[in-house]
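The structure under discussion appears below in the form of structure tokens.
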Amino acid sequence: MTYLPKPKLHHPELATNALGFTRRDYEGAISTLCAGCGHDSISAAIIRACFELDLQPHRIAKLSGIGCSSKTPTYFLGNSHGFNSVHGRMPSVLTGANIANRDLIYLGVSGDGDSASIGIGQFAHSIRRGVNMTYIVENNGVYGLTKGQFSATADKGAKNKRGVPNLDEPIDMISMALQLGATYVGRGFSGDKTQLVPLIKGALMHKGAAFIDCISPCVAFNNHEGSTKSFDYVREHNDAVNFLDVITGRDEITADYAPGSVEIVRQHDGSLLKLRKLEAEYNVNDRASAMNYLQHHHARGEIVTGLLYVDPDADDLHGYLGTVPTPFNALDDSALVPGAAALDKLNASLR
Amino acid sequence: MSALQAVNDFVVKFANVNGSGSASANRLFAQSILRMGVPATPRNIFPSNIQGLPTWYEVRVSEANHMGARGGTDLMVAMNPQTWDQDVKSIVPGGYLFYDNTKPMPASKFRDDINVIGVPLTAISNAQYTDSRQRQLFKNIIYVGALSALLDIEPKVIETLLAEQFRTKEKLIGANVQALHLGRDWALANLACPIGLRVRRSDRVGERIFIEGNAAAGLGAVYGGATVCAWYPITPSTSLAEAFTRYCNRFRVDKETGAKKFGIVQAEDELASIGMVIGAAWNGARAFTATSGPGISLMQEFIGLAYFAEIPAVIFDVQRAGPSTGMPTRTQQCDVLSCAYASHGDTKHVLLFPEDPHECFEMAALAFDLADRLQTPVFVLLDLDIGMNDRLCAPFKWDDTRRMDRGKVMTAAELDSGRQFGRYLDVDGDGIPYRTYPGTHPTKGSFFTRGTSRDRFARYTEEGAAYQDNMERLLHKFDTAKTLVPAAIRHDAAEPTRLGAIYYGSTSPAMDEAVELLAAQGIAVDALRVRAFPFGEEVMNFVAGHSHVFVVEQNRDAQLRTLLINEGEIDPKRLVRVLHFDGSPITARFIAAAIARTVAPEVPAQQFESVQ
């Protein structure tokens, strides 16, 4: 298996965004995942989100760990630098990259094995630190590349392809992200791109640690009767609390909505999150009640989706560290090296 | 009974209880000798404990600049009842025992071949102070005062040091000076001062500075342009990251805005530390971590990624005795192999071996240039002996015309000029490819970094030929590294000899002295100090030019010897092991005796006990 470039032919009438790029300019190599894989839908959603937000492809850094989901950065944003790191360790690599250059947009793509099992520590700590990033877990409940073992997000009692039930309690990454202080938390479903694209857009525009858990059925190993991560199961149990639309500076809000049915949240960068409420009581600005809601609905076997929590005024790791506005990788000798005179003075104090 | 007589050449050892505040008093003692122009080398021997267990502080006073551990104690300051018996036992015949005689000790607790000096430290302190913490802390200063009288140390020198130490807390200056004189005056009034051991003012310290290696390395990282430090606390490396933090706060804070030109993250573990370093370095910042052996073990997978994906990283490994948790507060050179060949698969890494704090500074700064130039991890191998002990060394130097060598980084302009970019393409024939920082150019120069195999243009492939081509280029790059790392330094004996000794790192002072001891017995040895791996030609030439080559190391398995045999295809019989690995610093006596045993068995080992 080798690298498969896509043909560069464009349809002449392909729409362009404000930067003059077409959607094709945000694509990557041809996917080598299984036909029908949920992950490919997420890649397509990322492409659309970046295209619609008019992001410069090369100003995005895409990072991943190891696994099916972590392969996907090859399949989108071909003009971006990418980093397929080691298993479960994407968050630390992303954190370091972010410290080095605060001016890029950081997109971390991981899976449930990569982030909930081997990498749960790094997942937790990167969220805790408020790294300015979009962290997407493509969650299918199984290890795909090693052929179908349960991952840590598989529900207790869910059955594998051979009918053997999972005996362990599942880790709910959304609840964890909320507890750990993520400032933008959403859950999507790879089978619902209209919901997913705006979730990703909002996350990309968010300052701070944005986490998206995206249920992404594995067509090869976890899409059968008895699975709780199959297309059918997720469709039947999907409890969307809201529908998000992301409005950037140049768009206008035109439609009228019934009072109380729509909430507008203005993020730090000026982008607006327009939330059409599907669950009237759900408060997207209340971390504790979000956790409560999730627990109750999980107990009923429902999969809560939508934008679940946002703190539009969040700060990030650079804010906490108090760093200079210039990216570290652009600081030169004069900014970094104290010089001989300072050293002589220091020497004198050490005698 | 004899009483040892020595001027500016003796060993004082303080036996204390951890957490009793003795460390600063003992350092004050060592500094007062330095300020009298006499070289002194302290070593802190401490347990993995915060309070209550025994700790020792050994000061070797040597006008001849012998700075290695010597062995034996000439004057024991026995302040810890727990270790009394072993402390008394370690005194050389004719040596001195200084103790607190507030409470009487049975005669059986003493030896009749040593000179006993009792000072009622507790009684003096309790008579003066009421607060229990004050009583304890000032008792330490009182013994420094008494020692100043006994050893003829100028009190003015200590007073000046106290004034400098407490310049921001003036009230403490007077109180400490008073305590100093309580001890000094008591000794002058009640004891025969000075004793046979004396400090005499000299001019042998010169311009040298007194600092620990970890602090020097942290400062070197500032001068080396490091902006990102990710680390996890582990003895004995912690003070390196803390020193970096301290020096960054002094030198790297924007005076107007207070914004910081550095980012320091205390990571959740060593895996995250090295991951952050690799992420930051991939993104064009200079980044490092500081750790010790257990951390190196945890970082193995990431180190292989950095090697294979060719990402600069600087790793300071302050070595301690392993394996496993081993002896966390004892010194060894036991991570040479685990660093040289770190990670699974075929890997080789650049190692630097500083000998003292001066070189810790130099090599720290150099490591960042090497890592960027070679696009690979660079290890700086300190150990506890130089990392956590203050050591007299040459002052730090910096050339203001020096610029960071960021290596082969293609800019947007270069990409636009039509220069071909292949991330793993060897354009210059040195095995080192070009890289781009993320975000450089809208359409050119982006690439995918991965730990999986790929072709010269960073495209994923599982073709054997492309994989092998890349692995061979990495080997070629390692050959280039030989020409860039610091060369070994050779010290030839006064007369031609077939005997050679190879050593590295903190072994330097013991080795220098051992060569003198051996020469005094008519055994001439050429010495070669290896400063880096890969080894340059000069190392192999040295081995080829001697019939017996001793490889002196502080580990059990002769790790550098293994590396020499493996990389130089040297007949193992030609390399003789001299191994010291009990966790204490290697001594000249040990090295000299080991070499003499092989080449001159007729010379008794006691010949090397003399240090005069």
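The values are calculated or read from the model by the stated rules, or taken from the named source; none is laboratory data. Being a predicted model, the structure only gives us computed values, none of them experimental. FYI the Cβ positions are ideal-geometry reconstructions off the backbone, even for glycines, and counts take in every protein chain you see. Note: accessible area is taken over every heavy atom of the protein model, side chains too, but ligands, DNA and RNA are not part of it. Shrake-Rupley method; radii C 1.70, N 1.55, O 1.52, S 1.80 Å.
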Q) Of all residues in segment B:399-440, how many are open to solvent by 40 Å² or more (accessible area, probe 1.4 Å) and over 20 Å from residue A:329 (Cβ atoms)? A) 11
Q) For segment A:66-82, what are the residues that are more than 7 Å from chain B (Cβ to nearest Cβ) and under 21 Å from residue A:220 (Cα atoms)? A) A:66, A:67, A:68, A:69, A:70, A:71, A:72, A:73, A:75
Q) Within segment A:25-68, which residues are open to solvent by 10 Å² or more (accessible area, probe 1.4 Å), assigned to a helix (DSSP H, G or I) and polar (S, T, N, Q)? A) A:41
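Okay, residues lined up against (1) more than 15 Å from residue B:378 (Cβ to Cβ); (2) of a type in the set (Ser, Thr, Tyr); (3) facing chain A (nearest Cβ under 7 Å); (4) open to solvent by less than 10 Å² (accessible area, probe 1.4 Å):
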site: B:273; (1), (2), (3), (4): yes, yes, no, yes
site: B:278; (1), (2), (3), (4): no, no, yes, yes
site: B:290; (1), (2), (3), (4): no, no, no, yes
site: B:296; (1), (2), (3), (4): no, no, no, yes
site: B:300; (1), (2), (3), (4): yes, no, no, no
site: B:303; (1), (2), (3), (4): no, no, no, yes
site: B:308; (1), (2), (3), (4): yes, no, no, no
site: B:314; (1), (2), (3), (4): no, no, no, yes
Q. When you look at residue A:20, is it within 25 Å of residue B:463 (Cβ to Cβ) and part of a loop (DSSP other than H, G, I, E, B), yes or no?
A. no
(Q) Testing residue B:540 on (1) open to solvent by less than 10 Å² (accessible area, probe 1.4 Å); (2) outside any loop (DSSP other than H, G, I, E, B); (3) touching a Leu at 6+ places or on another chain (Cβ under 9 Å), one condition comes back false. Which one is that? (A) (1)
Q. In segment A:184-206, which residues are open to solvent by 10 Å² or more (accessible area, probe 1.4 Å) and within 19 Å of residue A:90 (Cα to Cα)?
A. A:204
Q: Among the residues of segment A:315-336, count how many are facing chain B (nearest Cβ under 7 Å), assigned to a loop (DSSP other than H, G, I, E, B) and over 26 Å from the mean Cα position of the chain (by Cα).
A: 2
Q) Does residue B:185 count as of a type in the set (D, E, K, R) and more than 25 Å from residue B:32 (Cα to Cα)? A) no
**Q.** Among the residues listed as B:531, B:574, the single one being under 30 Å from residue B:477 (Cα atoms), surrounded by fewer than 20 Cβ atoms within 10 Å (Cβ to Cβ) and touching a residue at least 24 places away in the same chain (Cβ under 8 Å)
**A.** B:574
Q) Among the residues of segment B:517-528, which ones are in contact (Cβ under 8 Å) with a residue 60 or more places away in the chain and under 11 Å from residue B:491 (Cβ atoms)? A) B:525
Q: Give the number of residues within segment A:326-343 that are open to solvent by 60 Å² or more (accessible area, probe 1.4 Å) and either among the acidic types (Asp, Glu) or in contact with a His (Cβ under 9 Å, 6 or more places away or on another chain) (or both).
A: 1
Q) Considering only segment B:173-209, how many residues are within 14 Å of chain A (Cβ to nearest Cβ) and open to solvent by 80 Å² or more (accessible area, probe 1.4 Å)? A) 3
Q) Checking residue B:512 against (1) open to solvent by 40 Å² or more (accessible area, probe 1.4 Å); (2) under 30 Å from residue A:30 (Cα atoms), which test does it fail? A) (2)
Q) Just one of B:111, B:167 is part of a loop (DSSP other than H, G, I, E, B) and modelled with pLDDT of 95 or more; which is it? A) B:111
Q | Options B:73, B:102; residue that is open to solvent by 40 Å² or more (accessible area, probe 1.4 Å), at pLDDT 95 or above and in contact with a Ser or Thr (Cβ under 6 Å, 6 or more places away or on another chain) | A | B:102
Q) For residue B:549, are the conditions met, namely being assigned to a strand (DSSP E or B) and farther than 17 Å from residue B:336 by Cα? A) yes
Q | So residue A:280, is it in a helix (DSSP H, G or I) and loosely packed, with under 14 Cβ neighbours inside 10 Å | A | no
**Q.** Selection count where residues are over 17 Å from residue B:428 (Cα atoms), open to solvent by less than 80 Å² (accessible area, probe 1.4 Å) and charged (D, E, K, R), scope segment B:452-474
**A.** 2
Q) Given (1) within 28 Å of residue B:172 (Cα to Cα); (2) open to solvent by 30 Å² or more (accessible area, probe 1.4 Å), where does residue B:33 come up short, assuming only one miss? A) (2)
Q) In segment B:244-255, is there at least one residue being more than 11 Å from every other protein chain (Cβ to nearest Cβ) and buried (at least 23 other Cβ atoms within 10 Å of the Cβ)? A) yes
**Q.** Residue check for residue B:81: touching a residue at least 12 places away in the same chain (Cβ under 8 Å), surrounded by fewer than 19 Cβ atoms within 10 Å (Cβ to Cβ) and over 27 Å from the mean Cα position of the chain (by Cα)
**A.** no
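Among the candidates B:241, B:230, which residue alone is over 13 Å from residue A:322 (Cβ atoms), more than 11 Å from chain A (Cβ to nearest Cβ) and open to solvent by less than 40 Å² (accessible area, probe 1.4 Å)?
Details: B:230 fails: more than 11 Å from chain A (Cβ to nearest Cβ).
The match here is B:241.
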Q: Kindly indicate which of B:346, B:390, B:385, B:430 is modelled with pLDDT of 95 or more and within 14 Å of another protein chain (Cβ to nearest Cβ).
A: B:390
Q) Looking at this structure, is residue A:156 part of a loop (DSSP other than H, G, I, E, B), in contact (Cβ under 8 Å) with a residue 12 or more places away in the chain and not small (Gly, Ala, Ser)? A) yes
Q: Give segment B:475-500 a look and list any residue that's surrounded by 18 or more Cβ atoms within 10 Å (Cβ to Cβ) and either farther than 30 Å from residue B:546 by Cβ or of a type in the set (Gly, Ala, Ser) (or both), or say none.
A: B:477, B:481, B:488, B:500
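Quickly run through segment B:303-326 and pick out the residues that are of a type outside the set (Phe, Trp, Tyr), within 16 Å of the chain's Cα centre (by Cα) and outside any loop (DSSP other than H, G, I, E, B).
Once the filter is applied, which keeps residues that are of a type outside the set (Phe, Trp, Tyr), within 16 Å of the chain's Cα centre (by Cα) and outside any loop (DSSP other than H, G, I, E, B), segment B:303-326 yields B:315, B:317, B:318, B:319, B:321.
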